[in-house]
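Below you'll find the structure, written out as structure tokens, and then a few comments.
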């Protein structure tokens, strides 16, 4: 249900067992709450990332730090990020990621992590979210239609993916709609690689590393400046 919904006491039984109402539950490593706010899941990620910060403080070698980051930080923030990466609470996870990067590079409290992330070839949280969405689209391309299939008008966007019109914000911010938006915003040279998943992933990661975007809006704005042919695209609410 949505955040404004009232709790409804529903009695559901299966055979002789009653199925109880719960506010959250775990499914395949995700903690799903009744309003899909992702807060319980974020709380768990915060605890894990705080532990990773403690471990990283004791490592000196940059090579070892990279290994620890990949196993203890990247694996946590990238797992199923396509579901929670656009939530209100994801910015807290991004702040923890920047804290880890500052510790790794022995940076001061006021030093920007932007260039440090580029130097380490690590994507900021929201760029990792965008990459995960792009890979989801390419791996499940049969789920999507192109504009040319929906209408016969030959426009510069006819080869883009068709974006259905919806009003519910949960759907607009969901994986399907968000994936279409970020994919359509890619430069044509990267879209053309979508039939080769390995090349597409490599090219997309290089592209996102170059921009190193801190927000979803920043991704769209940067793309429109570097690739004006994308035209005016709807933005994803980055809360």
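Apply the Debye scattering formula to the range 55-126, with a single equal point scatterer on each alpha-carbon and no solvent, then give log10 I(q)/I(0) at q = 0.19, 0.27, 0.28 Å⁻¹.
The Debye formula, applied to the Cα set alone, gives -0.77, -1.38, -1.44.
Roughly how many whole Å is it from the C-alpha centroid of the range 193-212 to that of the range 9-87?
If we compute the Cα centre of each part, the gap is 26 Å.
Mind giving me the FRET efficiency for residue 33 and residue 67? R0 is 41 Å, r the Cβ-Cβ distance, nearest 0.05 is fine.
That pair, residue 33 with residue 67, gives E of 0.80.
Looking at the square roots a ≥ b ≥ c of the eigenvalues of the Cα gyration tensor of the range 91-130, which shape do they give, rounded for a/c under 1.5, prolate if a/b is larger than b/c, or oblate? Numbers along the way, then the final one.
Details: a/c = 2.19, a/b = 1.37, b/c = 1.60.
Because a/c hits 1.5 or more and a/b fails to exceed b/c, the range 91-130 counts as oblate.
Is the shape of the range 155-223 rounded, prolate or oblate, going by the alpha carbon gyration tensor and its root eigenvalues a ≥ b ≥ c, with a/c under 1.5 for rounded and a/b larger than b/c for prolate?
oblate
Which peptide among 106-113, 65-72, 160-167, 83-90 comes first, and what is the full order, when sorted by highest mean count of other Cβ atoms within 10 Å? Kindly include the intermediate steps, with their values, before the conclusion.
On the way: 106-113: 11.4, 65-72: 16.1, 160-167: 13.8, 83-90: 19.8.
Descending mean neighbour count gives 83-90, 65-72, 160-167, 106-113.
Can you tell me the FRET efficiency between residue 88 and residue 16 if r is taken as the Cβ-Cβ distance and R0 is 41 Å, rounded to the nearest 0.05?
It comes to 0.50.
Find the relative contact order for the range 24-122 and round it to a whole percent, using C-alpha pairs within less than 8 Å whose residues are 6+ positions apart.
27
In what sequence, highest mean first, do 181-190, 201-210 appear when ranked by Cβ atoms within 10 angstrom? Spell out each step's value before the answer.
On the way: 181-190: 18.8, 201-210: 16.7.
Packing proxy ranking, top to bottom: 181-190, 201-210.
Can you tell me how much longer the chain between residue 139 and residue 119 gets when fully stretched, taken as 0.36 nm per residue apart minus their C-alpha distance, in nm with one decimal?
In short, 4.3 nm is gained.
Here, each number is a calculation from the coordinates, and none is a lab measurement. Predicted model, so just to flag it, every value in this text is computed and none were measured. Virtual Cβ from ideal backbone geometry, glycine too; neighbours counted across all protein chains shown.
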